[in-house]
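J.: Structure in C-alpha cells, see below.
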Number of protein chains: 4
Amino acid sequence: MIRAGIVGGTGYTGVELLRILALHPQVQVTAVTSRADAGQRVDKTYPSLRGLCDAVFATPDSENLSDCDVVFFATPNGTAMNMAAELLMRGIKVIDLSADFRIKDVAEWEKWYGMSHTSPELIAEAVYGLPEVNREAIKQARLIACPGCYPTAVQLGFLPLLEAGIIDADSLIADVKSGVSGAGRKAEISSLMSEAGESFKAYAVAGHRHLPEIRQGLELASAQSVGLTFVPHLTPMIRGIHATLYARLKSAVDLQSVFEQRYQTEDFVDVLPSGAHADTRNVRGSNRCQIAVHQPQAGNTVVILSVIDNLVKGASGQAVQNMNLLFGFPEQQGLETVALYP
Amino acid sequence: MIRAGIVGGTGYTGVELLRILALHPQVQVTAVTSRADAGQRVDKTYPSLRGLCDAVFATPDSENLSDCDVVFFATPNGTAMNMAAELLMRGIKVIDLSADFRIKDVAEWEKWYGMSHTSPELIAEAVYGLPEVNREAIKQARLIACPGCYPTAVQLGFLPLLEAGIIDADSLIADVKSGVSGAGRKAEISSLMSEAGESFKAYAVAGHRHLPEIRQGLELASAQSVGLTFVPHLTPMIRGIHATLYARLKSAVDLQSVFEQRYQTEDFVDVLPSGAHADTRNVRGSNRCQIAVHQPQAGNTVVILSVIDNLVKGASGQAVQNMNLLFGFPEQQGLETVALYP
Amino acid sequence: MIRAGIVGGTGYTGVELLRILALHPQVQVTAVTSRADAGQRVDKTYPSLRGLCDAVFATPDSENLSDCDVVFFATPNGTAMNMAAELLMRGIKVIDLSADFRIKDVAEWEKWYGMSHTSPELIAEAVYGLPEVNREAIKQARLIACPGCYPTAVQLGFLPLLEAGIIDADSLIADVKSGVSGAGRKAEISSLMSEAGESFKAYAVAGHRHLPEIRQGLELASAQSVGLTFVPHLTPMIRGIHATLYARLKSAVDLQSVFEQRYQTEDFVDVLPSGAHADTRNVRGSNRCQIAVHQPQAGNTVVILSVIDNLVKGASGQAVQNMNLLFGFPEQQGLETVALYP
Amino acid sequence: MIRAGIVGGTGYTGVELLRILALHPQVQVTAVTSRADAGQRVDKTYPSLRGLCDAVFATPDSENLSDCDVVFFATPNGTAMNMAAELLMRGIKVIDLSADFRIKDVAEWEKWYGMSHTSPELIAEAVYGLPEVNREAIKQARLIACPGCYPTAVQLGFLPLLEAGIIDADSLIADVKSGVSGAGRKAEISSLMSEAGESFKAYAVAGHRHLPEIRQGLELASAQSVGLTFVPHLTPMIRGIHATLYARLKSAVDLQSVFEQRYQTEDFVDVLPSGAHADTRNVRGSNRCQIAVHQPQAGNTVVILSVIDNLVKGASGQAVQNMNLLFGFPEQQGLETVALYP
C-alpha cells in the first residue's frame, strides 16, 4: 500500500484520479489539495465519491504532502514546476499531468506557454510518460511528465507508421476532435452548454500548445524532422477524443499487420479488426486507445482513426498506468474498468 | 465461481450485464443468446467488451443454457414467461429483468401488457427483486422478478414515508424523468437523436405500464390502498432517472432522519445531506440510488428527489445485486464501480 | 418605423431580441449597449447576425438611448430599476425583461431578490406583460414588466383552470424543467456542458424567485390565495421549458373544452388535441406556448403539459409581442418564425 | 403565387421544406405526399406546423401533383428518377433533393448507388443546383439536381482555391463532420440517441457516396483530375456540417482576399474575417455557408473551415434558393431566417 497525494483535486483530472484510485488495491489517497476549497469535504464537491473518499481538501503545501510516496499534479500549467523539486528532494515521486515537463526545449516551452520555466534543470530528467514508448525509462524515473490528451491519441496513431518508416513524414495531418471536458472545470463562456452544445467548431487553428509536444514525440520516433498540421476541434460531448490522421504512404505495405504487431503486447492499445471504425463511446471511462487503420480506395493516403477517453488514457488513467510502472504494480491494476456503453 | 447465462444479450440491459459481470470475481458468463445475432462474436457488436468477453451469441435454446447456475432474462416482455419453467426444473436460478413476473395480479398484468400470461403458476412464487424491501426472501428464491427502472426510483423514494405512515397515501404524485436508454436498443423513430435530442416531453400520461407495479409496491409497504399519479418524461440524455415525488405530510416529523434511519444499513441507497439536490450524473454507471429530502417553505408538502442509473440500479446492477444475494456472495461484489463524473 | 434600444445586448435575451427584431418590418434597432463589450461590433460577438446588424455595442448611458421610442432591458435584475425613470421622463417606452417590476409587493420583491428597490414608485404603474391576461392594459402602458420564463409556462397552464374555478387552489404543484440557456450567458461552473450535459437535477427546491411571481399571477386570476409547490429542474438541452402541472379537480368538467375556449383567439397559445403530449422541440425558436390537457385514468387529478421556448415566449419574443401591442402593430408581426424541428 | 408539391413529406428535408415555404410569400404548398402517412394531417405528424399547414398527406401519384408548378422530391434515392419524366412532360419543374440526377456518369452513379438508373436520358439535362456555380443554368432549367449536404460544404470551401489554380489538386483532404439529422428520419439503431449521443466516430472511410459527387464538382471547377480523400464523421448534434479542408499551396497568395472576392456578391456564402473560426451554431436554421480561411504557421498547408446547416443550405434551403432562381423570385425570398443561437 502506497500513499498518494493529489495537488489540484477540484479539476476534472483530479476527480478522475480520485475515481480511479478509490478502487486501486495498493494505493491510499492521503492528501488532496485545493486552494479554493480547502477545509471542505471532497465528497461535498463530488457526491459521486460519497462513501469512497473521506478526505478534506487541504492547502497545497509541501507539508500536507510530505508523507506521500507519490504526488500527482492535476493542476494548471505553471504549478508543478514550482513544487516538484522540493517533493523530489524528500524522496517523493512526482507524476505531473500538466504540461510543465513535457517539452525538452525550454525556449520552445516558454514560447508556447507564455511564462518562464522555474525548474529548467528538471526538464531533462523528466520522463515523458507514454508507456507504449518509454516503459523502461518510466520504471526508473522520479519525475513523470504525462502526455497531453491530444498528443496521446495522435502519437499512438502515427507511431507505428513512423517507426516503420513507411510514410512521408513531412506532410502529416492530424484532424482531432475533443469532448468539452478537455477544457477543464473552469468557468468560461465558451464551455457553457449553451455555447458548446449542439455545435461543432475548430479552434486554435493558427497553433495549439499541443503541436510542439506532438511533433517532439513524432520526431523522436522517426529520427527525422516532421511536418505536421494539427487542427483541434470541439465536439458537443463530454468525454472522448477522436483523432483522424492522414499520411502519404511511401510504398505498399500491410498496414493492418504493422499496427497489430506494434501493439500486440500492449494492454491499453487495441487495434480494431480491418474495416472497423473507432467510436469514442467504446472507450468512455476506460484507459484504452482503440485504433482503426484505413487505406481508402487502396490509394496512397493512409487514414488512421485513434480514440481515447481524454480524462483516462488522455490524463488520469495514463497517470495511474505510470504510477503502476513506477512502483512495480501490475500495469493494469486499478484500470480494469470497462467502457460505459451506452 | 458460478456459470451465468444471459438471454437477450443484444439489448442495453444485456450488454450492461456483460459489462458488470466481466469483472465479477465469482461469475463466468458461459452463454449469451441473441436470436438476431446468433453466430456472431459478442465483441463485434460491442467493441467496448473486446478482450473481456470471448462469447459468441447463441440461439436462445434451453440447451445452450443447460449448464448454467443462473440465467438472466434481458429480453422484451413475454419471453421469460415461456422459458423460465424449464430452466427452474433443471435447477437453474432465474433472474428476470423484464416485467413478466413483477405483478401478482395476473389479470392486471394481462391488461397492461396486452397478452396472456403463459406461466401464471410461477407468478406467486416469483420474488420481487428489490433488496431494500425483500432481502431475505430473495436469498431463498428460485425466480426473481427484477423491478422496473421507474419503479425502483419511485419506490425507494416513497417507501420510508409510507412505512412510517406520515403521509397521506391517497394523492401521491411521481413526476419522473428518464434518459433515452430506457427505451431500449430498438430502431424506433421516437428514440432517434434527431427526435429525442434537445427536447423534453412527457409521454404515456394516460397510463404507463409501470404504474400498477409501483402501486403494488407502495400498497404492500403501507398496507393500504394508494392513490398515485405517475407521469413519465423523456429527457435528452442517455442514462439516468430522476424521480421528483410529492406527498402531503400528515404531521410534523424530522424527514431527514426518517430517511437516514431507513437506509442506514443499505449499501446502495445514499441519503444526501439536508438541503442537497440529487443529480443523475453522480450515479451514472453505478448501482446507487441517491435521495434528497425537501420540505419547501416548511409547508405540508414533502418533495423527494430520487436518482438512479436506469441501466444499473434500475436494471442490470440490481439484477447482479439479487444474484449476489441468491448465491451468498457479498452484496456489493462486482458493483463497486464509481459513478462516471463528469 | 420605430427606433428601439437594447440595454444588455450580450446576454441570451439580448441577442434573441436582435434575432427577432432583425426581421421586424417596423423596428430599427438604433442602440445596443453592453458595458463589457462597448466599442466592439455586435456581429463580432454574434456571427449569426453578420449582415443583419451593423451596430457597435455602446455604453449603457441614457444619452445613447435618448432618441429611442422604446428601450428593452435585457439586463440582470437591479439595472432597469435604476434607469427606467429617466427614460420614461423622456417619453420613451420601457420594456423590462428582468424581474425589477414584476412583483407588486415591494417587501416581497426585496426579500426574494436580496436588494433594496430603487424605484418603488414605478412598480404600481408597471403592467405585467402577459398579453393573454393583460392585453388592454399593455396597450396603454409606458412600462412593461415582462414575465419570467417559468411564470409564463406555469401561468398559461393553470389560468384556465383557476379562472373557471374548477380546481382546488390550495395544493397546486408545478414540476418544471428548463433548458440551460435559462441560466443566462454567465461563466458559471454549474452551466458548463461537462456539468449540465448528460445529467438531470432539480435545484432551488427550498424556494425559487419565480415562486412569488407565479403565485401573484395565479391569485389574481383566481381571486383567492393559492398554495403552490414549485420545483424547477435543469434538463440537458439548450432551449425549452416543459411545465408539468398537477391540480385536484373539484368536479367533473370537459377540460379540453375549457382550454380551447380560453385560448381560442390567442395567436400564441396552442391547445393540442386531446390525448397529445407537448414537446419542447415543437416550439423551439417560436413564440408559441403549446398545451396538452390530461386527466389520467379519469381520476380527480388534472395534469397539464405546457411548453415554451424560454428565450422566445419566455423572454424576448414575449417582449416583442408586448412592443407590438404598445405601438399598435399587428400582434404577430416579426414573430412568425416557425419552430426549428428537428 | 406558384403552386408547389412535395414528394416525401415525412422526412427531415420534407418537413424542412414545409417550414421554409410556410412563410414564402409567393408559394402555396398544394400537395404533400407520403405513402406511409397518406390520409393523415401533416400537422399531426409535425405539431410545429400547426396553424401553418392545413395539408393532408396524399399518395405520391402524379395525379395529386398535376396542378403544381414545381415539385420537390424529398425522397430516398431511386424515387425521383421514376417520376420526373412524367412531371416534366406536364410542364412541371422538378427540384430533386435526392442523388438521382447529381452524377453525370451513369455507370459511376450505378456503382455507388447500387441500382440501375431508370431515366438516364434526363441526367444530361439536369442542372446541378449549386447556385454559386451554376446560377445562370439554373434559371433556365426544368430539372434541378440539388447537391448533397457534404458536397455543398466541401465544394464551397475548395472552389475558390481550385478556380484560382493555387493549390495542388491531387492530394486534397476533406475531413467532414455531420450532425445526425443527415442520416434522415429512419428507424435505425445507429441513429438512436443512445448510440449517436455522447460519442464521435468516422464512418464509410472506405468510400462514401458523396465522394464521386464532390470530385465531379471539383474537377469541373479546376478543369483537371482531382485526388480527394473524403472522411465523413458523425458528431453528436442534430443539425450542422463542419468541413475541415486541407490542401497544399503552390505559391504564396493572399488567401483571405481570394475567398472574399470569390463570394463578394453571394448572399448565402459569408467569408469570416481573417483569424476567425466557423461554428455550426452560427448557421443553424439559416441558409448560409460561413467560411474561415487559415494558413497555420504560414506554412504551405491551407486549412479551410466551411460550415452549413445540412438541412438548409445542405438541402431544403438550397432547394428553395434554386426555386427562387427558376421562377425569377428574389434569391433570398423566404430564406431570411436568422440562425438560431444559442
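The values are calculated or read from the model by the stated rules, or taken from the named source; none is laboratory data. This one's a predicted model, so the numbers in the text were calculated from it and none came from an experiment. Cβ coordinates were reconstructed from backbone atoms using ideal geometry, including for glycine residues, and neighbour counts include every protein chain displayed.
J.: Just to be sure I understand, how many residues within the stretch C:227-255 are surrounded by 21 or more Cβ atoms within 10 Å (Cβ to Cβ) and either outside the structural domain of residue C:300 (by TED's automatic domain parsing) or among the β-branched types (Val, Ile, Thr) (or both)?
T.: Here the count works out to 6.
J.: Consider residue C:75 against the criteria (1) surrounded by 16 or more Cβ atoms within 10 Å (Cβ to Cβ); (2) within 13 Å of chain D (Cβ to nearest Cβ): it satisfies all of them except one. Which criterion is unmet?
T.: Only one criterion in (1) surrounded by 16 or more Cβ atoms within 10 Å (Cβ to Cβ); (2) within 13 Å of chain D (Cβ to nearest Cβ) is unmet by residue C:75, namely (2).
J.: Name the residue, out of A:33, A:45, that is out of contact with any strand residue (DSSP E or B) (no Cβ under 6 Å at 6 or more places or on another chain) and among the hydroxyl-bearing types (Ser, Thr, Tyr).
T.: The unique qualifying residue is A:45.
J.: Confirm whether residue A:258 is more than 24 Å from residue A:180 (Cα to Cα), part of a strand (DSSP E or B) and in the same structural domain as residue A:184 (by TED's automatic domain parsing).
T.: Working: more than 24 Å from residue A:180 (Cα to Cα): yes; part of a strand (DSSP E or B): no; in the same structural domain as residue A:184 (by TED's automatic domain parsing): yes.
No: the conditions fail for residue A:258.
J.: Still on this structure, I have one more. Taking the stretch D:266-285 as the search range and keeping residues that are small (Gly, Ala, Ser) and surrounded by fewer than 24 Cβ atoms within 10 Å (Cβ to Cβ), which one is farthest from the other protein chains (Cβ to nearest Cβ)?
T.: D:274
J.: Still on this structure, I have one more. Before we move on, is residue C:258 at pLDDT 95 or above and surrounded by 23 or more Cβ atoms within 10 Å (Cβ to Cβ)?
T.: Details: at pLDDT 95 or above: yes; surrounded by 23 or more Cβ atoms within 10 Å (Cβ to Cβ): no.
Judged against the criteria, residue C:258 is not a match.
J.: Restricting to the stretch A:86-99, name every residue that is more than 20 Å from residue A:215 (Cα to Cα), among the aliphatic types (A, V, I, L, M) and part of a loop (DSSP other than H, G, I, E, B).
T.: Across the stretch A:86-99, the qualifying residue is only A:92.
J.: Within the stretch C:1-57, track down each residue that is of a type in the set (Phe, Trp, Tyr) and over 20 Å from the mean Cα position of the chain (by Cα).
T.: C:46, C:57, listed by residue number.
J.: Are there strands (runs of 3 or more DSSP E) fully within the stretch D:1-85 with at least 1 residues that are within 25 Å of residue C:287 (Cβ to Cβ)? List them.
T.: Working: elements: D:2-7, D:27-33, D:70-73.
Correct list: D:27-33.
J.: Let me ask something else about it. Name the helices (runs of 4 or more DSSP H) wholly inside the stretch C:100-198 in which the number of residues that are more than 14 Å from chain A (Cβ to nearest Cβ) and surrounded by fewer than 21 Cβ atoms within 10 Å (Cβ to Cβ) is 2 or more. Quick ask: steps written out before the conclusion?
T.: Working: elements: C:106-113, C:120-125, C:131-140, C:149-163, C:193-196.
Filter on the stretch C:100-198 gives C:106-113, C:120-125, C:131-140.
J.: If I ask for residues that are among the charged types (D, E, K, R) and either within 16 Å of the chain's Cα centre (by Cα) or in a strand (DSSP E or B) (or both), which ones from the stretch B:199-240 would you list?
T.: Across the stretch B:199-240, the qualifying residues are B:201, B:209, B:213, B:215, B:239.
J.: Follow-up. Of these, A:204, A:223, which one is within 9 Å of chain D (Cβ to nearest Cβ) and on the phi > 0 side of the Ramachandran plot?
T.: When all the criteria are applied, what remains is A:204.
J.: Could you check the stretch C:124-152 and list, in sequence order, the residues that are under 18 Å from the mean Cα position of the chain (by Cα) and hydrophobic (A, V, I, L, M, F, W, C)?
T.: Across the stretch C:124-152, the qualifying residues are C:126, C:127, C:130, C:133, C:137, C:138, C:141, C:143, C:144, C:145, C:146, C:149.
J.: Could I ask something else about it? Take the stretch B:315-333 and flag every residue that is within 14 Å of chain A (Cβ to nearest Cβ) and either under 21 Å from residue B:280 (Cα atoms) or touching a Gly at 6+ places or on another chain (Cβ under 8 Å) (or both).
T.: Matches in the stretch B:315-333: B:315, B:316, B:317, B:320, B:332.
J.: Under the condition of being more than 18 Å from residue C:206 (Cα to Cα) and not basic (Lys, Arg), which residue from the stretch C:226-242 is farthest from the other protein chains (Cβ to nearest Cβ)?
T.: If we take residues in the stretch C:226-242 being more than 18 Å from residue C:206 (Cα to Cα) and not basic (Lys, Arg), then C:241 is farthest from the other protein chains (Cβ to nearest Cβ).
J.: Checking residue B:20 against (1) more than 14 Å from chain A (Cβ to nearest Cβ); (2) on the phi < 0 side of the Ramachandran plot; (3) modelled with pLDDT of 95 or more, which test does it fail?
T.: (1)
J.: Mind checking which residues of the stretch C:287-296 are surrounded by fewer than 24 Cβ atoms within 10 Å (Cβ to Cβ) and either at pLDDT below 95 or more than 8 Å from chain B (Cβ to nearest Cβ) (or both)?
T.: Listed by number, the list holds a single entry, C:295.
J.: Report, ordered by the first and then the second residue, all pairs with beta carbons closer than 9 Å, sequence separation of six or more or different chains, a first member in the stretch A:111-122 that is assigned by TED's automatic domain parsing to the domain that holds residue A:84, and a second member that is outside any loop (DSSP other than H, G, I, E, B) and of a type in the set (Asp, Glu).
T.: A:112/A:213; A:116/A:110; A:117/A:110
J.: Considering only the stretch D:35-49, I want to know if a residue exists there that is farther than 27 Å from residue C:273 by Cα and more than 14 Å from every other protein chain (Cβ to nearest Cβ).
T.: Looking through the stretch D:35-49, none of the residues is farther than 27 Å from residue C:273 by Cα and more than 14 Å from every other protein chain (Cβ to nearest Cβ).
J.: Regarding residue C:248, is this residue assigned to a helix (DSSP H, G or I), more than 30 Å from residue C:337 (Cα to Cα) and either at the interface with chain B (Cβ under 9 Å from one of its Cβ atoms) or of a type in the set (Lys, Arg) (or both)?
T.: Here the answer is no, as residue C:248 does not meet what is asked.
J.: Please go through the stretch B:251-265 and give me each residue that is within 14 Å of chain C (Cβ to nearest Cβ) and aliphatic (A, V, I, L, M), ordered by number. Give the steps one after another, and end with the answer.
T.: Residues of the stretch B:251-265 that are within 14 Å of chain C (Cβ to nearest Cβ), as a first pass: B:255-256.
B:255, the sole residue that qualifies.
For (1) of a type in the set (A, V, I, L, M, F, W, C); (2) without any contact (Cβ under 8 Å) to a residue 40 or more places away in the chain; (3) in contact with a His (Cβ under 7 Å, 6 or more places away or on another chain), each residue gets a yes or a no:
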{"site": "D:27", "(1), (2), (3)": "yes, no, no"}
{"site": "D:35", "(1), (2), (3)": "no, yes, no"}
{"site": "D:40", "(1), (2), (3)": "no, yes, no"}
{"site": "D:48", "(1), (2), (3)": "no, yes, no"}
{"site": "D:52", "(1), (2), (3)": "yes, yes, no"}
{"site": "D:59", "(1), (2), (3)": "no, yes, no"}
{"site": "D:62", "(1), (2), (3)": "no, yes, no"}
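J.: Name every residue in the stretch C:94-108 that is in contact with a Ser or Thr (Cβ under 6 Å, 6 or more places away or on another chain) and of a type in the set (A, V, I, L, M), in order of residue number. Reasoning before the result, please.
T.: Residues of the stretch C:94-108 that are in contact with a Ser or Thr (Cβ under 6 Å, 6 or more places away or on another chain), as a first pass: C:97-98.
C:97, the sole residue that qualifies.
J.: Can you tell me which residue among D:325, D:305 is crowded, with 19+ Cβ neighbours inside 10 Å, at pLDDT 95 or above and in a helix (DSSP H, G or I)?
T.: The conditions single out D:325.
J.: From the list A:94, A:70, A:106, pick out the single residue that is without any contact (Cβ under 8 Å) to a residue 40 or more places away in the chain and β-branched (Val, Ile, Thr). Please lay out each step first, then the result.
T.: Working: A:94 fails: without any contact (Cβ under 8 Å) to a residue 40 or more places away in the chain; A:70 fails: without any contact (Cβ under 8 Å) to a residue 40 or more places away in the chain.
It is A:106.
J.: Here's another thing I want to ask about it. In the set D:48, D:62, D:34, which member is in the same structural domain as residue D:96 (by TED's automatic domain parsing), more than 15 Å from residue D:97 (Cα to Cα) and surrounded by fewer than 22 Cβ atoms within 10 Å (Cβ to Cβ)? Give the derivation first.
T.: Working: D:48 fails: surrounded by fewer than 22 Cβ atoms within 10 Å (Cβ to Cβ); D:34 fails: surrounded by fewer than 22 Cβ atoms within 10 Å (Cβ to Cβ).
When all the criteria are applied, what remains is D:62.
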